[in-house]
Amino acid sequence: MRIKDVLTHGNLFTITVLFIAFLSAAPLKATEPRRIDPVIVKGDRLENLAGVLPERISVYSFRSGRWEAIPFQIDERMEVQAYNTWTTRRTILTYAMDSGPKAASDPDPSFDLNDELTFMASGAGDRSGGFPPGASTCEEIELKEPDSDARSYVYACQGSQAVKSDLAYVTVNGPNEIEGSGYVVSFPDGNPVNFNGFQIRDESGLLPDPIDRFKMGVKVSLLWGVAGYPLSDADFTHYLRGTRAGPIRVIREFESVLETFAGAQIRTYNHVYFYPSHIEYEMDFRGAANWGKSINRSDLVLALDLDENGRGMRFYSQNNSRGELVDGRTNPSELYMDYGPTEWAAVAGEAGNIVVHLGLDSRTDLYKDLYYADNDDKGDPPEEDPGMVGKFGYIVRNMQKAGFDQFPVRFAVYGEAGQFSEQSVRPLVQMYDSPLEVSVNRHEFPAVRPSAAAVPDDRKERPQSTFAEQRSSFEFTRFLSPGFIMDPNLLGTGPGVSYVDVDFLKTGSSMGFFGAFTDRGYQEYDFWMSELRFIEGVDAFKIDGYYNSFPASPFYGIGNDTSMNHKTYYWIIQEGAAFTFVNYFGRIYGADIQVGYRRVYIEPGIEPMGEDVPSFEEKFGQDDEIEGFRWGPPVYGRKGGYHNGVEVSLYRDMRSARYLPKFGNYQEFTVEAVTSAMGSDYDYARATLDLRGYWHPDFLNPMPLLDDVVGDRRTFGRKFFGPNMDRTLAGRILLTRLIADEIFYEGEKILDVPFYELTYMGDDENNRGYSSRRFRDNDMAMVSLEYRWRFWRFQDAALFWDCGMVMNDMFMADNWENELHHGYGASWRIHVPPQIIVTLELGFSDENSGLMYQANVAF
């Protein structure tokens, strides 16, 4: 209908509608746009641009009656195969990277459904009733402020030749530095994630850098808090897949591998986006261990750690508008800040205003609790400066509530110069909490993925202050290890459990318990407390009490040439207690003095299951030695008795660590005296010399010909080759001498020492290729060598070789001609910081093989 026809019919309503339509076709002024919001539009929403080559696409705004090309970028995406675990692969959607190990072009060079068009909301303008010159087709993209009628517009068009803006908001200055219009961020070599420099730009240039490092960590607690361990930056390995650079944002795609305590890997593919004024991390996480919502818990920490340039800044958060001074000291007012959920946290000072914001997935029911620590006395590796000066960010508690699937987490960092106020944080917070509403073809969607709605804090108890957590001597000190004894031939089958707390009741003392029993009468119970310090003049002392009962302990006879068939079984029952006093001299020297009570009972042994071999109380031997109801020659010490005495150890410790050192040496000389003066039934002494050395040679760390061959992913080959293997050579010499009066027994001259107290070789402490206490005699000499390497985080592996002999008298030259016994095998050691180790070893020899378990290491 023409306007003339409308007037002829006098249709006033139609005239009114047409007038409004005319006004709507005229340019509409937009309100002041947001400054830092990016707008990301996926290809499936821009139907008119589908199949168009990116070089034919332009983006315009219409301002003051003129068309203006604005900066934009098109990020092509494609599906590729990537590792899921070290044995399986999965399909992921990745960006077409410009550079990096996985740089590749999109097989579809046109703008397709999964590609992304990105521009800044600040570039939007007015609405226009037409197209830019030279454009054949355009998509009108409308931006609307939430809870407002303010709108602005951008036009994405195709034409025969694209018009590009010369502006670039973000640039890549090198492999370790990216520059935005408001900041410069730097990274350590080989790490695309944990930036160690963040400088804000103002009118005069770059402000001081207050950042030591962006840090990620996981605190794991198991079995209702009985056991726990921390995972830090050292447990995350980030592999850069590639970088895509454009004028609006720089995208880094990286593969993150988190190695948990059990060696299981959590592998995710993540991105960090560098926008003009802020950095946005989009990462997937899940609980480090997930055995049910009650059995375990995992807390995720994402925080910025400040260095000395941060000292003197002030800390602010949504619930702390007054601000707290960052000075490395725990001020009383800081202890009572609100540590519950918070929307933002910030520090401000001469280095500018640095704001962090956390976004969680709407499918999770997790709290965004504030994390803040300001403590010079607490280290936080890989800290460059001592202490922890102003570490702030978020702790996401109880990740296991999200279930077994990975869930996305967005961590954003924003920098701004000028005086701090709560308005300073508004640009970052509103971008995620109230994102712009975008419409294309009348389909609305948010400009960025919004944050999940806040979870109501219905916790009955207020979360523990992160200050209190950081001030603890040990963050995780307890470890509970269930066990199971399965020895159908001798000991039987039954359960066992061990518990260790290396910071008992927050006193710095250690406490432990071990208990086990089987259906054949085997029992072992041990309780100890060490590092006790309430006796004046003694640096530390230990209390130990035990009871054990071995119903089928074999005795093969005396000497190196005794056959395994040449044996008897006896039941040994022991009870005892000991007090050990420790003094240190000059840090590397020490002396331990132990006073002990021990009583031994010997009973008839239980014969092996499934074998027709009788067990006798006193004798051992082979079939042709049977004499009536007797079995070979008798043994000395059949009645057991008391073995009370004193043990003195002098040592020099130059090792890099007490357990599993990488380098150093250790020497110890021990004399144990069992004497009738203390109520013992025997008088004898045993002297032991223990020499250990550890080497971390350069020719093994690294080995370029092998370490550079395997790929840069943690596949199975990375358990043996690659960086940070910590390859160590360890050696040990062990000499033992038994001293006692000689007596005549059954016509032979022997030492006045019961058979079960003779020096033995063969167990998890010396020759590991042989069964327990396989060889016995007065003296022993043994050598052990190990090749050790880091297998997984919290786990080490080793190949070992043991060689030794027992002898009647080591000072008689002929005895050194005895047969040597060789044992060899492999070890797998699980260690929970700081002092808990569980070892599984598979040993071999010319006689047998076996799997050994111990809560320690051989040396």
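Annotations
- Placing a label point 7 Å from the Cα of ALA50 along the Cα-to-Cβ direction, the residues of segment 109-125 whose backbone N falls under 15 Å from that point are 110-116.
- Mean separation of Cα contacts under 8 Å (6+ apart) over length of segment 715-833, as relative contact order %: 25 percent
- Contour minus Cα-Cα distance for ASP284 and ASN114 (0.36 nm per residue): 59.2 nm
- At R0 = 30 Å, FRET efficiency that the Cβ-Cβ distance of ARG462 and ALA234 yields, to 0.05: 0.45
- For LYS42, the aspartates and glutamates whose Cα comes closer than 15 Å to its Cα, not counting residues fewer than 8 places off in the same chain, are ASP75, GLU76, ASP112, ASP115, GLU116, GLU139, GLU140, GLU142, GLU437, GLU444.
- No disulfide-compatible partner, judged by a Cβ distance under 4.7 Å, exists for the following cysteines of the chain: CYS803.
- Whole-percent carbon and sulfur share, accessible surface of the chain, 1.4 Å: 55 percent
- Per-residue SASA entry for THR171, accessible area with 1.4 Å probe, Å² rounded to 10: 60 Å²
- When only Cα pairs below 8 angstrom with a gap of at least 6 residues are kept, segment 72-128 shows a relative contact order of 42 percent.
- Cα-Cα over 27 Å, subset of LYS542/LYS639; LYS164/LYS215; LYS219/LYS460; LYS102/LYS219: LYS542/LYS639; LYS164/LYS215; LYS102/LYS219
- Exposure rank, largest accessible area first [LYS719, LYS542; 1.4 Å]: LYS542, LYS719
- Annotation for ILE295 and GLN430: the two label points, set 7 Å from Cα along the Cα-Cβ direction, are 4.9 nm apart.
- The order of PHE791, PHE744 by accessible area, most exposed first and with a 1.4 Å probe, is PHE744, PHE791.
- For ARG397, the accessible surface of its heavy atoms amounts to roughly 20 Å² (probe 1.4 Å, protein chains only, rounded to the nearest 10).
- Mean separation of Cα contacts under 8 Å (6+ apart) over length of segment 75-188, as relative contact order %: 15 percent
- In a DSSP loop and with at most 11 other Cβ atoms within 10 Å, the GluC sites (Glu not before Pro) in segment 166-273 are GLU203.
- More than 51 angstrom apart: percent of Cα pairs within the chain: 36 percent
- Cross-link partners of LYS662 among aspartates and glutamates (Cα-Cα below 13 Å; sequence separation of 8 or more within a chain): ASP698, ASP726, GLU786, ASP796
- Solvent-accessible area per residue for the chain (1.4 angstrom probe, square angstrom): 46 Å²
- Electrostatic bookkeeping for ILE485 treats Lys and Arg as +1 and Asp and Glu as -1; over the other residues with beta carbon under 13 Å from its beta carbon, the sum is -2.
- Accessible area ranking (1.4 Å probe, heavy atoms, ligands and nucleic acids excluded), largest first, for LEU650, LEU306: LEU650, LEU306.
- Compared with the dominant principal axis of the Cα atoms in the chain, helix 12-25 is inclined by about 60°.
- For the chain, with +1 on Lys and Arg beta carbons and -1 on Asp and Glu, the positive-most of ASN560, TYR269, MET486 along the dipole: TYR269
- Computed from Cα atoms, the angle from the helix 422-433 axis to the main principal axis of the chain rounds to 90 degrees.
The values are calculated or read from the model by the stated rules, or taken from the named source; none is laboratory data. As the structure is a computational prediction, the values presented were derived from the model and not from experiment. No Cβ is skipped: glycine too gets one built from the backbone with ideal geometry, and neighbour counts run over all protein chains shown. Accessible surface areas use protein heavy atoms only, side chains included; no ligands, DNA or RNA. Shrake-Rupley method; radii C 1.70, N 1.55, O 1.52, S 1.80 Å.
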